[in-house]
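The values are calculated or read from the model by the stated rules, or taken from the named source; none is laboratory data. As the structure is a computational prediction, the values presented were derived from the model and not from experiment. A quick note on method: Cβ atoms are made from the backbone with ideal geometry, for glycine too, and the neighbour counts reach across all protein chains shown. For accessibility, only protein heavy atoms count, side chains too; no ligands or nucleic acids. Shrake-Rupley method; radii C 1.70, N 1.55, O 1.52, S 1.80 Å.
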Amino acid sequence: MQTRKDTDTTLNQEKAGSPKYWQSLEQWRQDPEFIKMAEKEFVSSPLSSDEGKDGWARREFLKLMGASLALTSFGCIRRPAQKIVPYAKRPEEIVPGIANYYSSSFVDGDEVFGLIVKTREGRPIKVDGNPDFPLNKGAVSARAVSHILSLYDPDRLTTPKKNLLNKERTNRDTVSVTYEDLDKAVVEALNAGKVGVLSKPVTGPSGRALLNEFKNKFKTTNYYFNDHTQGVEEKAQQEAYGSAVTPRYEIDKADFILSLGADFLGAHQSSTAYTKQFSSRRSPGEDMNKLTVVESLLSLTGSNADERYTVAPGEELNFVMALIYSLSQSGQARINSQVKDIATQFKAFYGQHKEAVDSVVSDLVKAKGKSLVLTGGLNTQHEQALQLHLAVQYLNNVLGNDGKTVKYRNTRTGSWGEVDSLSQLAKDIESGKIETLIVNDVNVVYQLSSDHPLQSAIRGLKNVVYVGDRIDETGQVAHYVIPVDHPLETWNDHEPFDGLYMIQQPTIRPLYDSRSFEQSMIQWMTLDGATPRYAGDESLWFEYVQNYWKSNITRGSFDKAWTEVLQNGYYDSSASARDNNLPSRNFNESALRGIKPVSSKESLVLYKTIGLRDGNLANVAWLQEFPDPVTKICWDNYLVVSPKYAESQKLKQGQMVEIKVAGKQVTVPVHVQPGVHEKAVGLAVGYGRSAAGKVADGVGVNAFKLAKFDGKEMIAAGLDYELKATKQSVPLASVQDHHSMEGRQIVVEATLDQFMKKPSSGIHKHKVFSMWSKHKYPGHKWAMTIDLSKCTGCSACMISCQSENNIPVVGKKYILQGREMHWIRVDRYYTGEPENPGVVYQPIACMHCDNAPCETVCPVIATSHTDEGLNQMTYNRCVGTRYCANNCPYKVRRFNWFDYTEIRKPTEMALNPEVTVRARGVMEKCTFCYHKIRGAKEQAKQDGRTLVDGDVKTACQEACPADAIVFGDMNDPDSKISKSLGNDRTYGLIEEVNAQPNLKFLSKIRNTKKLKNDHAGNSGGHH
Amino acid sequence: MLKKVIGAVVALVLLVGLPSFIYALTNNKLSIGYNKGYMPEQPIPYSHELHAGQLKIDCKYCHTATEVSRHASVPSLNICMNCHLNVNVREEARPQIEKLQQAYMNNEPIKWEKVHLLPDHVKFNHAAHVRADKQCQECHGPIEKMPIVYQHSDLSMGWCVNCHRKPENNAPVGCDTCHY
């Protein structure tokens, strides 16, 4: 029988050597421990001895169960008395049970999102992307979705506070103050002069105008801080072209993209919009783009590369210069003699990496004017960061990309901070120029290294006023802390690109006694007798925004224009200007003088993760339990080392090591990561918060501490370090090794050439016979496809699903036991050798099989089949035998081991009332967003029409920035899903067991000559 | 001694209590967890008999969301005030109306006692049933004759399914109809 033979082959293949697709190094080595674990169905059992330590010994559990059973049996003759509290005066737009949607926006570091916020009975419950907004076009990141949970963060500050600081500037006590007293004290300090304002980037035109007025009124000096890489790119532009702009990169217009350490699909600026653009060119065919990445660590972008090369930290510069050298030698681009001389220094590097450099050069030359070279990010913030940016921009220039894929007009506007703004502030404090500092939501004490002069300078100030949502690390050294409104609670506007305005609309009244920074400024100015120019009668920030828009932005009838803006969420006056090609600028070659080869050395690289980034949302539990797409580890940061380095230093996974950089030291566990250059070790920032709240405090270590202050800026990469191994080790909470696919071939890969010859390359169709009579699906039949060629693994779907479906967070301890609850997970497979493997991501949710193996084993029929093809969970029937999870070939079922529903107030406000909150002892899994299907049907009936394609969008599909997920009714032959299911690349998982899954995948096509797993030159696939 | 007493009590409960309990359950003498007939006292003794019965005010005048939402919605005070700012009421009802007006002026919602309670894990949609031309009375009973509202039906699953199963209703009966 065919099926039998398949299995045999797979097994034999595994026995013969390392598997072709692997998930961890343990599996690659066929570690006996791994095999033991993979063979077990469940990572943990309720009988495990560890349980007792938590007070949940099984016997105790049964006792409690018995008691509550008795209570329910005899106690419920009297009903629970409940109240119904209708509004006294119901707002016209609120109908109980009907959701309202508002357009708003979210600024995350240097990423700007247009949002649609869903509210129920006046409380926001879900954040989705605004499909019309030109930047993210409906896509959101995991962080943008988590925005909702940061609103309901129980650790937010509720009232203004005064810290009673002692001489050492550590906090003795915190007392509440009234706004009246606080404002009096602040205005007094403002009038005394010598005031500095340190602010996060002010991205909106109204905010900028107000800050300017404030500056003129009180003669303040303003400083801006965004992150440690701020201003480098602008400075490079300044030196090369004479104007300091942050260029707009048009990824969708590039046929070939070369990234030098820029994690533009992950933690880089605008990565969600970039993912959208990138994936729009990932459909295999003539139009498919190609991505080559040169980096030292394995980033999300690197893992999506068609071709990838590793270099030692800092050697990205060598690589670019070697490209320029090669171009100058072959004469394929016009390179003047001055640059030629500089590039000649890199002849040796070229010699060592000839094959890689030549291959990239040929791609670059092929796509002249349609290619794009990118760099930037914390992991490239080494001492030569400026030179790297210059060299990259030079390369873009000589390849004819300037003005085409690199746009220098209608770019980012506003005050985003300059290279040395913080060291300037420190100097000004030391020289006595600044005595009072108002900090607007910048956690500098956490984000700066301990040797940065501002650390001591800020503690020596006479007055520090901190505007933030909690008494965080910086709040602790401040005299006054003003609770700031959450962005979903206050008005604001933003201007991500010159001429593109967006509005931030509040969706809930402030939960606490908080006040936005802008409102504070207006308050202080009016208290001092001044009238801000755009302030209205009531001196409200909202009036200011409105009046500013009225005078400066909108045209014609304001009321009409304003309503339109609120509906659309933005006002775009530069769309066509942004789209036009621009003439190439003249590059000032003398800026490249001074570029010298970077020596290849072992060094430490700090990097940002896609989940936590700089750590400002660290107290959001969803993001802590968000497995990093590449390492699949959550709830920790760790030292990322290459397998080779681990071997030479005798380091084991999870072993604690002491890392010392210039006298500063942290102790972290080791994570052995394939694909990392042997001379690089990496550590993620964003962890190690000490004053963020109950979730984040004490998770990981603060890697910012290790950065080096070079007199102007913080250096985060290429750091010299000393490593000392300790004997301790800790388990790292990885979600990777559970959900093992037991060596079966799950992901299908092929090269573009193979695809062009045969679109179904790599897919092996199984002959199966069925003992089942087929279900009938008279109406709709729901199905989903996920295009692996488009999916970048960013995992926004996971958090969107978590938010939509009330999925609990279980914590590190239970992640270690394999009890994570995510309904959709993103599996990551490596292919090829551990030195530089290929990576494939595969999101897995419930497949809603036609012949669902879970349905047949449920003893109480809690999981059943609907006539629309859904595999449905009836929670109140479930008695928790977990047979279904045992029998699921895809391991998508999740069990509520405990009552995860006890949530700290006010987080329960984030729950979606349309989805049942599951209790202890109940199995759950992806429902294909059944409540959304029902909602859409209800709406269609209400409108007196039938359901049309696109009415139902699942939460994962809505969030996906790559547009990889298609969902719909496969009984409708014209629907997108029917077309997608008919694609030659479509295949099902483990089809040989005849479960007939309704979630199918489209094979991954790589735009490369040869696949990493192509040992024998076969076309991938099963045999 | 104490142990013996406890033992005897337990034995008695098991021998006498349990069989009678099961008898009561299986013979519809006892409906556990359901609240048929529940008639709590309301903070303001609003009479459906008066408003819906005598005055013949349409149900949907107050329960505005019935046709569009899952919830029928208990009226907010501004709906009461549509009439009660103007109409005269009987002498004995005046203090109650004053209470209502006070609450409205102070923007303080009235906390009504919830009468109809579905079992847990069930989703019910008013709009869908109204759209299927179901009369309010089919589930809520003779509401226009109730001076104090009580729960007319037991709202148990059997009660729901009995109606859904009737061929003329053409209603879905899959688990997913109510449980999701």
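Is there a residue being open to solvent by 20 Å² or more (accessible area, probe 1.4 Å), touching a residue at least 60 places away in the same chain (Cβ under 8 Å) and closer than 25 Å to B:Asn125 by Cα anywhere in segment A:976-990?
No, segment A:976-990 contains no residue that is open to solvent by 20 Å² or more (accessible area, probe 1.4 Å), touching a residue at least 60 places away in the same chain (Cβ under 8 Å) and closer than 25 Å to B:Asn125 by Cα.
Which of (1) open to solvent by less than 60 Å² (accessible area, probe 1.4 Å); (2) of a type in the set (Phe, Trp, Tyr); (3) touching a residue at least 60 places away in the same chain (Cβ under 8 Å) is the odd one out, the single condition B:Tyr180 does not satisfy?
(3)
Condition check: under 30 Å from A:Gly935 (Cβ atoms) and of a type outside the set (Gly, Ala, Ser). Does B:Ile97 satisfy that?
no
Looking at this structure, is A:Gly468 under 30 Å from A:Lys253 (Cβ atoms) and in contact with a Ser or Thr (Cβ under 8 Å, 6 or more places away or on another chain)?
Values: under 30 Å from A:Lys253 (Cβ atoms): no; in contact with a Ser or Thr (Cβ under 8 Å, 6 or more places away or on another chain): yes.
No, not satisfied.
Would you mind stating whether A:Gly611 is of a type in the set (Gly, Ala, Ser) and in contact with a helix residue (DSSP H, G or I) (Cβ under 6 Å, 6 or more places away or on another chain)?
Against the criterion (of a type in the set (Gly, Ala, Ser) and in contact with a helix residue (DSSP H, G or I) (Cβ under 6 Å, 6 or more places away or on another chain)), A:Gly611 qualifies.
Look through segment A:949-971, keep the residues that are free of Cβ contacts under 8 Å to residues at least 60 places away in the same chain and of a type in the set (Asp, Glu), and return whichever of them is farthest from A:Gly935 (Cα to Cα).
A:Asp949
Scan segment B:158-180 and tell me whether some residue there is more than 12 Å from chain A (Cβ to nearest Cβ), aromatic (Phe, Trp, Tyr) and under 19 Å from the mean Cα position of the chain (by Cα).
yes
For A:Ser450, which of the numbered conditions (1) in contact with a helix residue (DSSP H, G or I) (Cβ under 6 Å, 6 or more places away or on another chain); (2) assigned to a helix (DSSP H, G or I); (3) open to solvent by 10 Å² or more (accessible area, probe 1.4 Å); (4) of a type outside the set (Val, Ile, Thr) fails to hold?
(2)
Give the residue, chosen from A:Val175, A:Val195, that is over 29 Å from the mean Cα position of the chain (by Cα) and buried (at least 23 other Cβ atoms within 10 Å of the Cβ).
A:Val195
Which of the residues belonging to segment B:75-96 are more than 14 Å from chain A (Cβ to nearest Cβ) and either touching a Pro at 6+ places or on another chain (Cβ under 7 Å) or at positive phi (or both)?
Scanning segment B:75-96 gives a single hit, B:Gln96.
Just for segment A:207-228: of the residues that are farther than 22 Å from A:Glu435 by Cβ and of a type outside the set (A, V, I, L, M), which one is most open to solvent (accessible area, probe 1.4 Å)?
A:Arg208
All but one of (1) among the β-branched types (Val, Ile, Thr); (2) assigned to a loop (DSSP other than H, G, I, E, B); (3) within 29 Å of the chain's Cα centre (by Cα) hold for A:Val439; which doesn't?
Looking at each condition in turn, A:Val439 falls short on (2).
When both residues are 6+ apart or on different chains and their Cβ atoms are under 6 Å apart, which pairs have a first residue that lies in segment B:97-126 and is closer than 30 Å to B:His179 by Cα and at the interface with chain A (Cβ under 10 Å from one of its Cβ atoms), and a second that is open to solvent by less than 40 Å² (accessible area, probe 1.4 Å) and in a helix (DSSP H, G or I)?
B:His121/A:Tyr875; B:His126/B:Thr66
Count, please, the residues in segment A:518-567 that happen to be hydroxyl-bearing (Ser, Thr, Tyr), within 34 Å of the chain's Cα centre (by Cα) and in a loop (DSSP other than H, G, I, E, B).
Step one: filter segment A:518-567 for residues hydroxyl-bearing (Ser, Thr, Tyr), giving A:520, A:526, A:531, A:534, A:539, A:544, A:548, A:551, A:554, A:557, A:563.
After this cut, where a residue has to be within 34 Å of the chain's Cα centre (by Cα) as well, the list is A:520, A:544, A:548, A:554, A:563.
Filter once more, so that each one left must be in a loop (DSSP other than H, G, I, E, B): A:554.
Matching residues across segment A:518-567 total 1.
Please work out which residue is nearest to B:Glu67 (Cα to Cα), limiting yourself to segment A:79-109 and to residues that are away from every other protein chain (no Cβ under 14 Å) and in contact with a strand residue (DSSP E or B) (Cβ under 9 Å, 6 or more places away or on another chain). Don't jump to the end; show me each part of the working.
Step one: filter segment A:79-109 for residues away from every other protein chain (no Cβ under 14 Å), giving A:101-109.
From what is left, the residues that are in contact with a strand residue (DSSP E or B) (Cβ under 9 Å, 6 or more places away or on another chain) are A:101-107.
On the way: A:Tyr101: 20, A:Tyr102: 23, A:Ser103: 27, A:Ser104: 30, A:Ser105: 33, A:Phe106: 35, A:Val107: 39 Å.
The qualifying residue nearest to B:Glu67 (Cα to Cα) is A:Tyr101.
Would segment A:1001-1021 turn up any residue that is open to solvent by 50 Å² or more (accessible area, probe 1.4 Å) and closer than 29 Å to A:Ile807 by Cβ?
Taking every residue of segment A:1001-1021 in turn, none turns out to be open to solvent by 50 Å² or more (accessible area, probe 1.4 Å) and closer than 29 Å to A:Ile807 by Cβ.
Six or more apart or on different chains, Cβ atoms under 6 Å: show the pairs whose first residue is in segment A:345-365 and in the same structural domain as A:Glu315 (by TED's automatic domain parsing) and whose second is assigned to a loop (DSSP other than H, G, I, E, B) and modelled with pLDDT of 95 or more.
Note: pairs meeting the criteria are A:Gln345/A:Pro597; A:Phe346/A:Pro597; A:Leu364/A:Leu399.
Name the one entry in A:Val186, A:Val175, A:Val112, A:Val107 that is part of a strand (DSSP E or B) and farther than 24 Å from A:His268 by Cβ.
A:Val175
Which of the residues spanning segment B:57-74 are assigned to a loop (DSSP other than H, G, I, E, B), open to solvent by less than 30 Å² (accessible area, probe 1.4 Å) and facing chain A (nearest Cβ under 8 Å)? Walk me through it before giving the result.
Of all residues in segment B:57-74, those assigned to a loop (DSSP other than H, G, I, E, B) come to B:57-58, B:63, B:68-74.
After this cut, where a residue has to be open to solvent by less than 30 Å² (accessible area, probe 1.4 Å) as well, the list is B:69, B:72-73.
Answer for segment B:57-74, where residues must be assigned to a loop (DSSP other than H, G, I, E, B), open to solvent by less than 30 Å² (accessible area, probe 1.4 Å) and facing chain A (nearest Cβ under 8 Å): B:Ser69, B:Ser73.
Of the conditions (1) open to solvent by less than 30 Å² (accessible area, probe 1.4 Å); (2) within 14 Å of chain B (Cβ to nearest Cβ), A:Arg945 satisfies every one except a single condition; which number is it?
(1)
Pull up segment B:82-105, narrow it to residues that are at pLDDT 90 or above and farther than 23 Å from B:Glu41 by Cβ, then point me to the one that is least open to solvent (accessible area, probe 1.4 Å).
Restricting to residues being at pLDDT 90 or above and farther than 23 Å from B:Glu41 by Cβ, the top hit is B:Cys83.
Looking only at segment A:698-714, which residues are touching a Ser or Thr at 6+ places or on another chain (Cβ under 9 Å) and touching a residue at least 24 places away in the same chain (Cβ under 8 Å)? Break it down into steps so the answer makes sense when it comes.
Taking segment A:698-714 and keeping what is touching a Ser or Thr at 6+ places or on another chain (Cβ under 9 Å), we get A:698, A:701-702, A:704-709, A:711-714.
Residues satisfying the conditions are A:Val701, A:Asn702, A:Phe704, A:Lys705, A:Leu706, A:Ala707, A:Lys708, A:Phe709, A:Gly711, A:Lys712, A:Glu713, A:Met714.
If we only count strands (runs of 3 or more DSSP E) wholly inside segment A:673-735, which ones have 1 or more residues that are of a type in the set (Ser, Thr, Tyr)?
Result: A:722-729.
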